[in-house]
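Colleague: Quick one: the structure is below, questions incoming.
Throughout, read-outs are computed from the coordinates displayed, never taken from laboratory work. Keep in mind the model is a prediction, meaning the values are calculated, not measured. Methodologically, a virtual Cβ is constructed for each residue, glycine included, from the backbone with ideal geometry; neighbour enumeration extends over all protein chains shown.
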Amino acid sequence: MRVFGRGLTMLLVTLALLGLGCKDVAVAPAGLSYSANPAVYTVGTAIATNSPTHSGGTIDSYSVSPTLPAGLSLDAKSGAITGTPTTATVAASYTVTGTNSAGSTTVSLTITVSGTAIAITVQPANQSVVVGLTATFSVTATGTGTLGYQWSKSGTAITGATSASYTTPAVVSADSGSTFSVLVSDAFGGSLASASATLTVLATGGPGTFLATGSMASPRSSHTATLLPNGQVLVVGGYSGSSLNSAELYDPATETFTPTGSLATPREFHSATLLANGQVLVIGGTSLNAATASAELYDPATGVFTATGSLSTARSDHSATLLASGKVLVVAGRNLSNYTQTAELYDPATGTFTTTAHAPLVARATHTATPLGNGQVLIAGGFRTANIASAELYDPVAGTFTATGSMSVPRAYHTATLLGSGKVLMVGGAATLITELYDPSAGTFVATGSLVTARAQYHGAALLPSGKVLIAGGIGVGAPPPLLASAELYDPATGTFTVTGTMTTVRETHTVTALANGKALVAGGSGPGYLDSAELYY
């Protein structure tokens, strides 16, 4: 029995060594692969489950490095990749590892997550310029991530032209008829070609030329025009037989006007002030033959006007000036023949108007208010029972109005332009050729060059990038007073006015707005009737 027992033990040991009747020895996995490799997915779209296959032993767990794109996940048990990607990513390699107790196997999986398809929302527009000037073509496109641009001229890529806009060198006659287009691309291999825009080069003209541009949707005079941070111009309200509540945007890239949101209150002779947050505050004005106290905010992001706080005093022909604090100073004005000697501050943080602690020194309307480099505001001229020559300074720190030097000529409906030197140029508003400069350091007005043409009222003025001041149109001096199409330039370096190009039509109560591209937009006004036409000064 002892011998038999010893033999049975040895037999069992032998069988164990041979693996008979026991578990299999673990085998390492091998040949890991995925059904989709490379895999291309789209942001916001649930992916089809990407499942692995392999050979060799059973895989107990899966892992991946680096982390999969946002929204995707790896099932640690099955190795399946599922989910909805939320962020676009360029093609990248991810290592998936399958493991059991005997070993592991890996596969390199390439995944790309593409974004939304490229779309061109604003195509390049045809351009007409005179010989010696430049033309700018622009495109607006949407897509995912940073977009790339490559402009071409008549089918040939332009070296270095890789922005959303392209400005030509000074054009020559041979450039006329050339076409310009742009290829927009993204980082995921997508691309889209724009439409082609044609360049027309005009043989006549040159710097100092007025050329017609797109017309407004509505004729209007006594309106406002505000240059927005995006380079477009917001045109608001005005008069065309009655007060207008419409507004439109001028796009220098396409040279077109497009209607935007409407005012709640029709108005003319109102004010429009660009706030620090990019919105435009529209205040007061004449509405249905009486001044209004209402105010509205235009939001360029939505294209909508919304009501904000009301003025304490209804007023038109007032001034509204943005202060360094971000508040807006509203001074004087009138309600029909009732002139007000009050001022208010608008606070964008609260959307309310508050009467200033101190009143202006003079009741006036159709005056000018110019923010100076020292933070004060110069309030000059205007009308009450007659044209006014006096001026006063508002100090935002002290909250006071104090007298400063008077102009040599009483003026109303004049223009005041802040020059690069910090001085202020006063032009027109009286039957005179005399112009003058206000010097903040001395607190005095001194004569400067004489106008070529007297402009009694309703002309326009704009400071150009050159530092010169464009004076255009208005009502002249004579019997009867003529409507003017003439224009002239003031050069601060010489203190002189010189004739420049003539507008395509006579205009008064129009607007003149210096654009970011160096041109100036002249829009609307009265002439032969109420005007919807506009022109560009080159």
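Colleague: Measure off 7 Å from each Cα along the Cα-to-Cβ vector at D75 and T167, then give the distance between these two points in nanometres to one decimal.
Modeller: 5.9 nm
Colleague: Would you kindly derive the ³J(HN,Hα) couplings of the stretch 139-147 from the backbone phi angles with the Karplus curve 6.51 cos²θ - 1.76 cosθ + 1.60 (θ = phi - 60°), listing them in order in whole Hz, with x for Gly and Pro?
Modeller: 9, 10, 10, 10, x, 9, x, 7, 8
Colleague: For the stretch 347-502, what is the relative contact order in percent, using Cα pairs closer than 8 Å and at least 6 residues apart in sequence?
Modeller: So the answer I get is 14 percent.
Colleague: Ok, one more. What is the local net charge at G405, summed over the other residues whose Cβ is closer than 15 Å to its Cβ (Lys, Arg +1; Asp, Glu -1)?
Modeller: Once positives and negatives cancel, what remains is -1.
Colleague: With the contact rule set at Cα under 8 Å and sequence spacing of 6 or more, what percent relative contact order holds for the chain?
Modeller: Worked out over the chain, it gives 8 percent.
Colleague: Got the relative contact order for the stretch 358-443 handy, in percent, Cα pairs under 8 Å and 6 or more residues apart?
Modeller: It rounds to 23 percent for the stretch 358-443.
Colleague: Now for a separate question. Please state the shape class of the stretch 232-289: rounded when a/c is under 1.5, otherwise prolate if a/b exceeds b/c and oblate if not, all from the C-alpha gyration tensor.
Modeller: Judged from the Cα gyration tensor, the stretch 232-289 comes out oblate (a/c at least 1.5, b/c at or above a/b).
Colleague: As a footprinting exposure proxy, order L192, L68 by other Cβ within 10 Å, with the fewest listed first.
Modeller: Ranked by crowding around the Cβ, least crowded first: L192, L68.
Colleague: A further question follows. Spin-label point model (7 Å from Cα, Cβ direction): what's the A290 to S215 distance in nm?
Modeller: 3.6 nm
Colleague: Would you mind classifying the stretch 26-151 by shape? Square roots of the alpha carbon gyration tensor eigenvalues, ordered a ≥ b ≥ c; an a/c under 1.5 is rounded, otherwise it is prolate if a/b is larger than b/c and oblate if not.
Modeller: prolate
Colleague: Related question: Using Cβ contacts closer than 10 Å as the measure, can you line up T306, T82 from fewest to most?
Modeller: Ranking T306, T82 by Cβ neighbours within 10 Å, fewest first, gives T306, T82.
Colleague: Lysines near K468 by alpha-carbon distance under 16 Å, same-chain residues fewer than 8 away left out - which ones?
Modeller: Cross-link targets: K423, K519.
Colleague: Suppose R0 equals 45 Å. What FRET efficiency, 1/(1 + (r/R0)^6) with r the Cβ-Cβ distance, do S128 and N37 give to the nearest 0.05?
Modeller: 0.25
Colleague: What distance in nm lies between label points placed 7 Å from Cα along the C-beta direction at L361 and S65?
Modeller: Once both label points are built, they end up 7.9 nm from each other.
Colleague: What number, rounded to the nearest 500 deg cm²/dmol, is the helix-based mean residue ellipticity at 222 nm of the chain, given -39500 (n - 2.57) per DSSP H run of at least four residues and division by all its residues?
Modeller: Calculated at 222 nm, the ellipticity per residue is -1000 deg cm²/dmol.
Colleague: Among the lysines, which have Cα under 23 Å from the Cα of K77 when same-chain residues fewer than 8 positions away are ignored?
Modeller: Correct list for K77: K23.
Colleague: Cut-off is 10 Å between beta-carbons; in what order do M426, M503 appear when sorted fewest neighbours first?
Modeller: Ranked by crowding around the Cβ, least crowded first: M503, M426.
Colleague: Which aspartates and glutamates have a Cα less than 17 Å from the Cα of K153, not counting those fewer than 8 places away in the same chain?
Modeller: D175
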